[in-house]
Amino acid sequence: MDQAPGSPQGPTGQDPADQGPQDAHRLPTCHRHPDRETGIRCTRCDRAICTECMVNASVGFQCPDCVRGGSGTGHSPAANRPRTLAGGSVTADPRLVTKVLIGLNLAFFLVQLSLGDRFTDRFDLVGRAYIPSLGSLGGIADGQWYRLLTAMFLHGSYIHILFNMLSLWWIGGPLEAALGRARYLALYFTAGLAGSALTYLLAAPNQPSLGASGAIFGLFGATAVLMRRLNYDMRPIVVLLVINLIITFGWGNIAWQAHIGGLVAGVIIGYAMVHAPRERRTLVQYGTCALVLVVVVVLTLLRTAQLT
């Protein structure tokens, strides 16, 4: 459109006089999100901030930059991070630890296939026995306590590792997302060690045992507690747990002690994880893990005293 002489217009072809009242009532935009109008300002630097950026302070709100800078009036950055139900940090990949655990189990299985029985016999769980592939006595009773841990990453067959890794992915992933990485790892290893300790205590000293089943049964137990806490339908997890227990006691060559030890520890730790009072949550959660580990040490010492 041609512009008439003596009638200055704005860039849109509208008389600036017509824009004045509209601009006068326009809100400022967030300094971090220029496309968002806001009436909120940081109480420290006075810059405009939108609802996504504002952080509660003792008086008013602050922007994330001022909180990171430590103004002394707002909460610390950690206090404003999103948290899981159990108080863990929400992460971009909530299944990362589960993936790493599966990767470690697969890597150890490949080493077993490559090196054979000599490797497996050195790291599986055995109380005390003569080990032909090593040509000597060996076992936890002889001071090889590391077997309580290393046995959790060994497997006896393709079916064994396939079943365990599928269970770990299906149960572990959602549980990791609900607990957070650190709490999930604490649960996994503590339950696994509890299963190893009960196996060492009750199984024949010359009976080797291996597998991640103790830790995975701990995840089963904690998942049941979590579902109960969230008022979810318990039938799927109960049916799955019953099926696994039937297999545990009805199938030969299965270390039921590891399954029961892991399950009991998982229920205890899972209850502490999801029911701990907020003001003492970390203390209760990790304190419970520590108490279970104390029981693991006591059972191990008791059995060692019996065998030596």
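For the pair residue 99 and residue 134, a Förster radius of 35 Å applied to the C-beta separation gives a FRET efficiency near 0.60, rounded to the nearest 0.05.
Shape call for the stretch 104-145 from the C-alpha gyration tensor, a ≥ b ≥ c root eigenvalues: rounded (a/c under 1.5), prolate (a/b greater than b/c) or oblate? In terms of gyration-tensor shape, oblate. Taking other Cβ atoms within 10 Å as a rough exposure proxy, 121, 46, 93 sort from fewest to most as 46, 93, 121. Phi angles across the stretch 122-131 convert, under the Karplus curve 6.51 cos²θ - 1.76 cosθ + 1.60 with θ = phi - 60°, into 3J(HN,Hα) values of 7, 10, 6, 8, 9, x, 6, 6, 7, 10 Hz, Gly and Pro given as x. For residue 33 and residue 83, the difference between the fully extended length at 0.36 nm per residue and the C-alpha to C-alpha distance is 15.6 nm.
Between the Cα long axis of helix 281-307 and the first principal axis of the chain there is an angle of about 10°, rounded to the nearest 10. Taking the chain as the reference, fit the longest principal axis to its C-alpha atoms, fit the long axis of helix 181-202 to the helix C-alpha atoms, and give the angle between the two in degrees, 0 to 90, nearest 10. The angle comes out near 10 degrees. Applying 1/(1 + (r/R0)^6) with R0 = 35 Å to the Cβ-Cβ distance of residue 298 and residue 56 gives a FRET efficiency near 0.15. Amide H contacts of residue 131 (H built 1.01 Å from N, in plane; Pro and chain starts excluded): 136, 137, 138 sit under 5 Å, all sequence-distant by 5 or more or on other chains.
Most tightly packed first, judged by the mean number of other beta-carbon atoms within 10 Å of their residues, the peptides 232-239, 138-145 read 138-145, 232-239. For helix 213-229, report the angle its Cα long axis makes with the longest principal axis of the Cα atoms of the chain; keep it between 0 and 90° and round to the nearest 10°. Approximately 50 degrees, to the nearest ten.
Tell me whether the chain comes out rounded, prolate or oblate; compute the Cα gyration tensor, take square roots of the eigenvalues as a ≥ b ≥ c, and use a/c under 1.5 as the rounded threshold.
prolate
Ordering 225, 292, 298 from the fewest to the most neighbouring beta carbons within 10 Å gives 298, 225, 292. The simple spin-label model puts a point 7 Å past each Cα toward its Cβ; for residue 291 and residue 239 those points are separated by 3.5 nm. Among 150, 282, the ranking by other beta carbons within 10 Å of each residue's beta carbon, starting with the fewest, stands as 282, 150. Between residue 145 and residue 228, residue separation times 0.36 nm minus the direct Cα-Cα distance comes to 26.3 nm. Computed from the C-beta positions of residue 307 and residue 91, the FRET efficiency with R₀ = 35 Å rounds to 0.20.
Any read-out appearing in this document is the output of simple, stated calculations on the displayed coordinates, not a laboratory observation. The structure presented is a predicted model; accordingly, all values stated were derived computationally and were not measured. Ideal geometry is used to build each Cβ from the backbone, glycine not excepted, and the neighbour counts take in all protein chains shown.
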